[in-house]
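Engineer: Structure provided below as structure tokens; questions to follow.
Nothing in this text is a laboratory measurement; each read-out follows from the coordinates by a stated rule. As the structure is a prediction and not an experimental result, all values here were calculated from the model. Backbone-built Cβ (ideal geometry, glycine too); neighbour counts: all protein chains shown.
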Amino acid sequence: MQGLIIKNVKVYAPEPSGARDIFILGGKVVKVAEAGTAENFNSLPFSVKTINGGGLIAVPGIVDGHVHFNGAGGEGGPLYRTPPTGLSELTGAGITTAVGLLGTDGFTRSLRDLLMKARSLSAEGITAKIYTGAYQLPGPCLTTDAASDIILVEEVVGLKVAFSDHRSSHASLQTLREAVSQARAGGILAGKKGPVMVHIGEGPDRLKPLAEAVSGTDIPVAQLIPTHLNRSARVLGEALEWAKMGGNVDLSAGVSARYGFSEAVDPPGAVQYLLDGGAPAERITMSSDGNGVMTLAGPATGEARPLISPVRALYEEFAGMIRAGIPVETAVRIVSTNPADRIGLSAKGRIREGMDGDVLLIREDGLDLDTVVARGKIMVRDGHAVQKGLFEK
């Protein structure tokens, strides 16, 4: 067994904690102490690796609650199917926990394959979970239904559906209510949260089906996590009202003008808009939508042109929030603490004794990602991947 000590590092846990020494052993944070006390661990009966945290800040590993790590796409034909994501692509973006899901293609892509990809990533060193379901409702499942998937399959955290999108099933409100209730019941029986991740498209109804689904029922508004809510100013405006109702708001880092989504509100600007409008900070999350694809017709030729959401966008927009003046602790909550809480990953999202040893070390000057530690193991050092997936080059 090898321990890891990060000495004299400025910690945001997410709350600012000042200079601290962090001791990680057996994949867990076992001590967060005042800087200068790490020498007390040198006499322990196992080897200890030490990192000098001078000039660095430590934050919890990013929890990406919406990433197509087994590939997505397919609109426009087989040529536009995106490949699976490698381990170092995730860790290189500071992602130590990833929640995978199916997208438009719930027909030729399978939950079984998604589950095995999650298990592969977990075996390689990060934490990977999945959502059951897809755009379709009722959607695919691993067992007999979504509730049973959540109860019986450890990696399944909740249900994925889609609304206000021409590619969705255009399910009735009653069907949506039944699906959300089933996910909630499955979560209760499994000791999980059972959230429902809802893809929101640019259809004219936008968030209206969700508001109507919870209205007049006992369904908690926080059971739903609508995503892609920065896809346009129109959707973001409705997201603000949804957040004021106590609803969750998930922004997509990869859906921004820099990646070709011309109507999107840039993620740091979307966060500031929500905060200025009175949205509770704890209700805001951001995910990558990594490997998600939207296929558009090119303006000149009319040929299909894919827009791909890169996994790396999540770290870029995390740093972008800080550069835009959003406090570090708020940015950390949005990409780590809040998604962990919403999904129900109680050992994630905080640097605290007893939590998983998922830590990012960031260069205070420039905000470049220096080191990534996942479950106590160094995955990235000096900005370069030192651990790669079994079949990565």
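Engineer: Classify the chain: rounded, prolate or oblate, from the alpha-carbon gyration tensor (a ≥ b ≥ c, eigenvalue square roots; a/c under 1.5 rounded; otherwise prolate if a/b is larger than b/c)?
Structural biologist: Prolate is the answer for the chain, as a/c is 1.5 or above and a/b outweighs b/c.
Engineer: Now for a separate question. Give the whole-number value, in cubic angstrom per residue, of the convex hull volume spanned by the C-alpha atoms of segment 261-393.
Structural biologist: On the way: hull volume 21.9 nm³, N = 133.
It is 164 Å³ per residue.
Engineer: Continuing with the same structure: If Lys and Arg each add +1 and Asp and Glu each add -1, what is the summed charge of the other residues whose beta carbon sits under 12 Å from the beta carbon of V157?
Structural biologist: Values: positive: K129, K160, K192, K193, R342, K348; negative: D149, E154, E155.
Taking every other residue near V157 into account, the sum is +3.
Engineer: Between A257 and S47, what is the spin-label point distance in nm, taking each point 7 Å from the Cα along the Cα→C-beta axis?
Structural biologist: Reported label-point gap for A257 and S47 is 5.1 nm.
Engineer: Could you order peptides 285-293, 164-172, 113-121 by the average number of other Cβ atoms within 10 Å of their residues, highest first? Before the final figure, lay out each step's value.
Structural biologist: Numbers: 285-293: 27.8, 164-172: 16.1, 113-121: 19.3.
Those peptides, ordered most packed to least, come out 285-293, 113-121, 164-172.
Engineer: Still on this model: In segment 1-138, what % of DSSP beta bridges are antiparallel (nearest 5)?
Structural biologist: Details: 14 of 30 bridges.
Around 45 percent of the beta bridges assigned by DSSP in segment 1-138 are antiparallel ones.
Engineer: Counting only helical runs of four or more DSSP H residues, what would the 222 nm mean residue ellipticity of the chain come to if each run contributes -39,500 (n - 2.57) and the total is spread over all its residues? Please list the in-between numbers first.
Structural biologist: Values: 10 runs with 95 residues, N = 393.
Roughly -7000 deg cm²/dmol at 222 nm, from the helical runs in the chain.
Engineer: Can you list the HN-Hα couplings for segment 58-63, worked out from phi with the Karplus curve (6.51, -1.76, 1.60; θ = phi - 60°), rounded to whole Hz and with x for Gly and Pro?
Structural biologist: Each residue of segment 58-63 in turn: 10, 9, x, x, 5, 10 Hz.
Engineer: Peptides 21-28, 126-133: what's the order by average Cβ count within 10 Å, highest mean first?
Structural biologist: Details: 21-28: 20.8, 126-133: 26.2.
In descending order of packing, they fall as 126-133, 21-28.
Engineer: Please work out how much length the chain gains when fully extended from H170 to K28, using 0.36 nm per residue of separation minus the C-alpha to C-alpha distance, in nm with one decimal.
Structural biologist: Details: separation 142, 0.36 × 142 = 51.12 nm, distance 4.42 nm.
That works out to 46.7 nm of additional length.
Engineer: To continue, here is another question. Using a Gaussian network model on the chain with a 10 Å cutoff between Cα atoms, which of P16, P140, P195 fluctuates the most?
Structural biologist: Maximum fluctuation in the GNM of the chain, among the listed residues, is at P16.
Engineer: What is the gain in length, in nm to one decimal, between F391 and S346 on full extension, counting 0.36 nm per residue of separation less the C-alpha to C-alpha distance? Provide the component values of the computation, followed by the final result.
Structural biologist: On the way: separation 45, 0.36 × 45 = 16.20 nm, distance 3.09 nm.
This chain segment gains 13.1 nm when fully extended.
Engineer: I would also like to ask the following. Where both residues lie in the chain, what percent of DSSP beta bridges are antiparallel, nearest 5? All intermediate terms of the calculation are to be shown ahead of the outcome.
Structural biologist: On the way: 34 of 68 bridges.
So the antiparallel bridges in the chain amount to around 50 percent.
Engineer: Something else now. Could you order the peptides 219-227, 337-345 from most to least packed, using the average number of other C-beta atoms within 10 Å per residue?
Structural biologist: Working: 219-227: 20.4, 337-345: 22.8.
Top to bottom by mean Cβ count within 10 Å: 337-345, 219-227.
Engineer: Gain in length, E154 to R177, computed as 0.36 nm per residue apart minus the alpha-carbon separation, to one decimal in nm? Walk me through the numbers on the way to the answer.
Structural biologist: On the way: separation 23, 0.36 × 23 = 8.28 nm, distance 2.41 nm.
So the extension gain works out to 5.9 nm.
Engineer: Would you mind computing, in nm to one decimal, how far apart the modelled labels at M116 and M245 are, each placed 7 Å from Cα along Cα→Cβ?
Structural biologist: With each label point 7 Å from Cα toward Cβ, the separation is 4.1 nm.
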